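For reference, the structure discussed in these notes is given below.
The values are calculated or read from the model by the stated rules, or taken from the named source; none is laboratory data. Since this is a predicted model, take the numbers as computed values, not measurements. All Cβ positions, even for glycine, are placed from backbone atoms using ideal geometry, and neighbour counts span all protein chains on display.
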Amino acid sequence: MFHIFGFYKFKRLSGLKSLKKTFQKKLIKNHVRGTIIFSKEGINGTISGKKNNVQKVKKSLKDICKIKNFDSENNSTNNFQPFHREKIKIKKEVVPIGIQVLQSHKIKNNSVDPKKWNSLIKENNIKIIDTRKPFEYNVGTFRGAKNPNVNHFRDFPKYLKKFNKNDKIAMFCTGGIRCEKASIFLNKQGFKNIFQLKGGILNYLKKINKKQSLWKGECYVFDNRVSVKHKLKQGTYSMCSGCRKPVSIQEKKSKKYKNGISCPKCHDYLTESQKVRFATRQKQILIAKKMGKKYIFQKEFY
C-alpha cells in the first residue's frame with residue numbers, strides 16, 4: 001500500500017537550488033516519488049511511497065525549511081504507486097497568478113471547514129467559483145459552481161474582474177493552494193467577503209459522506225490515479241495516452257476511443273504518425289504485461 005501526501009506552505013524561502021539538490025537525493029534514498037515545487041514564496045507538492053518513508057521526507061521538509069505546520073495537508077492511500085518518478089522544480093510562484101505571497105498577505109478566518117461548507121454554498125446570492133481548469137471542472141464540481149473556463153491560472157485575475165467587490169464569493173480547488181492565492185488577489189483588489197474551502201476538494205471528499213455531499217462527479221488528480229471519489233477512493237476515469245486528458249466510462253464506448261491511442265477529445269486532431277507511434281507503444285505495454293514485466297507507461301508501474 002502506498003501513502004500519498006499532498007501539502008503546501010506559504011513561507012519565504014531562500015537557497016532554492018540547494019533545496020532542490022537536497023530533496024532530489026532524499027526522495028531517491030527513501031524510494032519516494034512525486035513532485036515538489038520550491039519558490040521564494042513557499043512550497044507545494046504531492047509525494048507517494050511507503051508510509052514510513054513519506055514521513056521521513058515530510059520531517060525533513062519541516063526541519064530544513066523551518067516549517068512548524070503546513071498550510072494544508074491531505075493524506076490518502078492507494079494500492080499502486082501513482083507517480084512514475086520524482087521531480088523537484090524551482091518556480092517563480094508555487095502557482096502562477098502574478099503576485100508573490102507573504103505570510104502577512106494571508107487572509108485570517110476565511111478558510112471554511114468541510115462540515116460548514118455546505119451551509120455556505122447553499123446561501124442565496126453566493127458566488128461559487130471553481131478555480132481549476134475546464135477539464136477538471138467537467139470531471140466533477142460542486143452544485144451551483146461556476147466554470148471560469150480559464151486554461152491557465154495566471155489568466156484567472158482577468159476572470160475575477162467580472163465580480164463586484166460586495167459579492168460574497170466561495171472558492172475551491174483540489175488541495176487549497178489555488179483558491180488561497182486567488183483569495184489573496186481579490187483581497188488586494190478590495191474584496192472583503194471571500195471564503196475558501198479548507199484543504200480543498202480532497203479534504204471535503206475525505207471528511208463528508210456521500211449522502212450529505214454537494215459534490216457531483218469525481219475529482220481529477222494530477223497523477224496515475226486520474227480521479228478520486230468520496231473517502232478518496234480510486235475513481236473511474238482513465239488517462240488518454242493521446243491527449244493526456246481524463247476519459248470517462250461513457251467516452252470509452254465511443255468509436256473514437258482506442259485504448260492507449262486516442263479518445264473522443266483528440267481522435268480527430270491526432271496525426272496518423274502520432275496514432276501509429278501511440279499504437280506501437282501500446283503494443284509494447286501489452287507484450288511487457290504478457291511477459292510479467294512492467295513497462296514505464298503502465299498505470300501499475302512502480
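Would you confirm whether any residue within the stretch 266-283 is within 30 Å of I121 (Cα to Cα) and either at pLDDT 95 or above or of a type in the set (G, A, S) (or both)? The answer is no, given that none of the residues of the stretch 266-283 is within 30 Å of I121 (Cα to Cα) and either at pLDDT 95 or above or of a type in the set (G, A, S) (or both). Just checking, does the stretch 10-32 include any residue being modelled with pLDDT of 95 or more, in a strand (DSSP E or B) and touching a helix residue (DSSP H, G or I) at 6+ places or on another chain (Cβ under 8 Å)? Scanning the stretch 10-32, I find no residue that is modelled with pLDDT of 95 or more, in a strand (DSSP E or B) and touching a helix residue (DSSP H, G or I) at 6+ places or on another chain (Cβ under 8 Å), so the answer is no. The sole residue among N109, N164 that is over 16 Å from N44 (Cβ atoms), outside the structural domain of K66 (by TED's automatic domain parsing) and at pLDDT below 90 is N109.
Can you confirm whether K62 is farther than 30 Å from F185 by Cα, among the basic types (K, R) and modelled with pLDDT of 95 or more? Against the criterion (farther than 30 Å from F185 by Cα, among the basic types (K, R) and modelled with pLDDT of 95 or more), K62 does not qualify.
Yes or no, residue by residue, for (1) more than 21 Å from N224 (Cβ to Cβ); (2) touching a Ser or Thr at 6+ places or on another chain (Cβ under 7 Å); (3) buried (at least 22 other Cβ atoms within 10 Å of the Cβ):
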site: R12; (1), (2), (3): yes, no, no
site: S18; (1), (2), (3): yes, no, no
site: T22; (1), (2), (3): yes, no, no
site: N44; (1), (2), (3): no, no, yes
site: G49; (1), (2), (3): no, no, yes
site: N53; (1), (2), (3): no, no, no
site: N75; (1), (2), (3): no, no, no
site: N79; (1), (2), (3): no, no, no
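Contact map, the stretch 51-62: first residue within 17 Å of I88 (Cβ to Cβ), second residue modelled with pLDDT of 95 or more and part of a helix (DSSP H, G or I), Cβ cut-off under 6 Å, separation 6 or more or different chains; pairs are V57/K26; S60/K26.
Looking only at the stretch 62-73, filter to residues that are assigned to a helix (DSSP H, G or I) and touching a Leu at 6+ places or on another chain (Cβ under 9 Å); which one of those is nearest to K229 (Cα to Cα)? So, considering only residues that are assigned to a helix (DSSP H, G or I) and touching a Leu at 6+ places or on another chain (Cβ under 9 Å), the one nearest to K229 (Cα to Cα) is C65. Residues of the stretch 174-186 that are in contact with a strand residue (DSSP E or B) (Cβ under 6 Å, 6 or more places away or on another chain) and either polar (S, T, N, Q) or within 17 Å of K122 (Cα to Cα) (or both): S183 alone.
Name the single residue, out of those in the stretch 236-257 being hydrophobic (A, V, I, L, M, F, W, C) and part of a loop (DSSP other than H, G, I, E, B), that is surrounded by the most Cβ atoms within 10 Å (Cβ to Cβ). Among them, the one singled out is C240.
For the stretch 24-42, the set of residues classified as loosely packed, with under 15 Cβ neighbours inside 10 Å and on the phi < 0 side of the Ramachandran plot consists of Q24, K25, I28, K29, listed by residue number.
Mind checking which strands (runs of 3 or more DSSP E) fall wholly inside the stretch 123-235 and carry at least 1 residues that are within 28 Å of M1 (Cβ to Cβ)? Explain how you work it out, then say what you get.
On the way: elements: 126-130, 140-142, 168-172, 194-197, 215-217.
Result: 140-142, 194-197, 215-217.
Does K181 qualify as being closer than 20 Å to F70 by Cβ, under 17 Å from the mean Cα position of the chain (by Cα) and surrounded by fewer than 22 Cβ atoms within 10 Å (Cβ to Cβ)? For K181, the condition - closer than 20 Å to F70 by Cβ, under 17 Å from the mean Cα position of the chain (by Cα) and surrounded by fewer than 22 Cβ atoms within 10 Å (Cβ to Cβ) - is not met. Of the residues examined, I97 is not one that is in a strand (DSSP E or B) and buried (at least 19 other Cβ atoms within 10 Å of the Cβ).
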